[in-house]
Amino acid sequence: MSELLLELKDISVSYDEIQVIWDANLNIKRGECVSLIGVNGSGKTTLLKTIAGVVHPFEGEIWFKGTIRIDKLSAHQIAALGIIYVPEGRRIFTKMTVKENLLVGNHLKKSKRKEMLQRVYELFPVLKERENQMAGTLSGGEQQMLAIARGLMADPEILLLDEISLGLSPIVVEQLYEKIKEINEQGVSILVVDEIPLRCLQVSHRGYIIRSGRIVFEGDSSDLLNNKDLRKIYLGTD
Ligand code: ATP
């Protein structure tokens with residue numbers, strides 16, 4: 001069995017004493033792509049932020065590679081371990097060039113700068129073509145590619161991708177998911193959060209469904225995609 005890279009054990013999170021996550025258990029094995037699916041406000045972003053150290057759980061534990069407990073570490077320390085969070089809404093630096101944005105993403109792995117730049121340009125040739133262009137002038141899809149590429153510049157072991165399809169056309173979303181598949185095939189483990197369950201599940205090995213802060217289903221993506229009953233109960237599709 002492949003190595004357990006990340007393990008959330010009974011994680012509970014609150015904002016100002018209002019609990020939003022209850023006893024979440026989730027894991028990612030090396031090389032896996034895992035989906036976290038849920039409607040607006042179900043707690044997807046909070047769970048990603050908890051893994052990334054942006055918010056901290058009041059109960060439970062998070063382990064990296066089975067031996068490093070990370071739930072009390074800072075976001076910076078967690079990034080330095082190779083767990084990289086690509087937030088919802090892209091958050092690129094619009095007044096900086098594409099290349100400058102990428103180099104910001106590389107500040108933890110400067111020794112690998114040339115190699116990482118070459119890797120992201122191979123993956124996203126459009127970013128190479130536009131490397132000297134202000135990031136704010138890119139299309140929405142290109143900005144999302146830049147946000148993912150900036151995350152990759154840190155040479156991550158795990159990439160946490162939040163709502164990559166937000167506000168983008170179906171064709172662009174399709175292209176992005178093709179890239180996610182490619183990144184995963186290159187060996188990066190991925191946790192991807194989306195409201196579009198079908199596309200998300202098609203590129204992932206396993207999926208979790210979260211409802212009102214509770215994980216209500218965990219299973220193989222193929223089960224969720226192919227089992228009519230599961231689809232109806234958890235995805236609301238026939
Ligand atoms: P969305 O798709 O809309 O981002 P989500 O599934 O990612 O939804 P979260 O953003 O994690 O859900 O929100 C979970 C719950 O926590 C919601 O009820 C939300 O209102 C609340 N919440 C999120 N961020 C904060 C915050 N900073 N302070 C207080 N409550 C928050």
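The values are calculated or read from the model by the stated rules, or taken from the named source; none is laboratory data. This one's a predicted model, so the numbers in the text were calculated from it and none came from an experiment. Glycine gets a Cβ as well: all are built from the backbone with ideal geometry, and neighbour counts include every protein chain shown. Calculation scope for accessible area: heavy atoms of the full protein, side chains included, ligands and nucleic acids excluded. Shrake-Rupley method; radii C 1.70, N 1.55, O 1.52, S 1.80 Å.
Observations
- Here residue 165 meets each of (1) more than 17 Å from the chain's Cα centre (by Cα); (2) without any contact (Cβ under 8 Å) to a residue 40 or more places away in the chain with one exception, condition (1).
- Inter-residue pairs, beta-carbon under 9 Å, first closer than 19 Å to residue 176 by Cβ and in segment 74-101, second basic (Lys, Arg) and open to solvent by 40 Å² or more (accessible area, probe 1.4 Å), 6+ apart: 85/49; 87/49; 98/128; 98/130
- The condition (being among the small types (Gly, Ala, Ser) and more than 15 Å from the ligand (Cβ to nearest atom)) is satisfied by just one residue among 212, 189: 189.
- The number of residues in segment 213-231 that are part of a helix (DSSP H, G or I) and without any contact (Cβ under 8 Å) to a residue 12 or more places away in the chain comes to 6.
- Meets criteria (under 13 Å from the mean Cα position of the chain (by Cα) and outside any strand (DSSP E or B)) for residue 234: no
- Some residue of segment 77-87 being within 12 Å of the ligand (Cβ to nearest atom) and either under 17 Å from the mean Cα position of the chain (by Cα) or more than 23 Å from residue 164 (Cα to Cα) (or both): yes
- Unique residue being among the polar types (S, T, N, Q), open to solvent by 10 Å² or more (accessible area, probe 1.4 Å) and outside the structural domain of residue 187 (by TED's automatic domain parsing) when the list is 111, 74: 111
- Conditions (1) surrounded by fewer than 17 Cβ atoms within 10 Å (Cβ to Cβ); (2) in the same structural domain as residue 186 (by TED's automatic domain parsing); (3) closer than 30 Å to residue 174 by Cβ: number failed by residue 94: (2)
- Taking segment 10-21 as the range and being more than 10 Å from the ligand (Cβ to nearest atom) and buried (at least 20 other Cβ atoms within 10 Å of the Cβ) as the test, only 11 passes.
- Among (1) modelled with pLDDT under 90; (2) surrounded by 14 or more Cβ atoms within 10 Å (Cβ to Cβ), the one test that residue 232 misses: (2)
- In summary, residue 147 fulfils each of the numbered conditions (1) assigned by TED's automatic domain parsing to the domain that holds residue 23; (2) within 16 Å of the ligand (Cβ to nearest atom) with the single exception of condition (1).
- Subset of segment 22-60 that is modelled with pLDDT of 95 or more and open to solvent by 60 Å² or more (accessible area, probe 1.4 Å) - its residue that is nearest to the ligand (Cβ to nearest atom): 54
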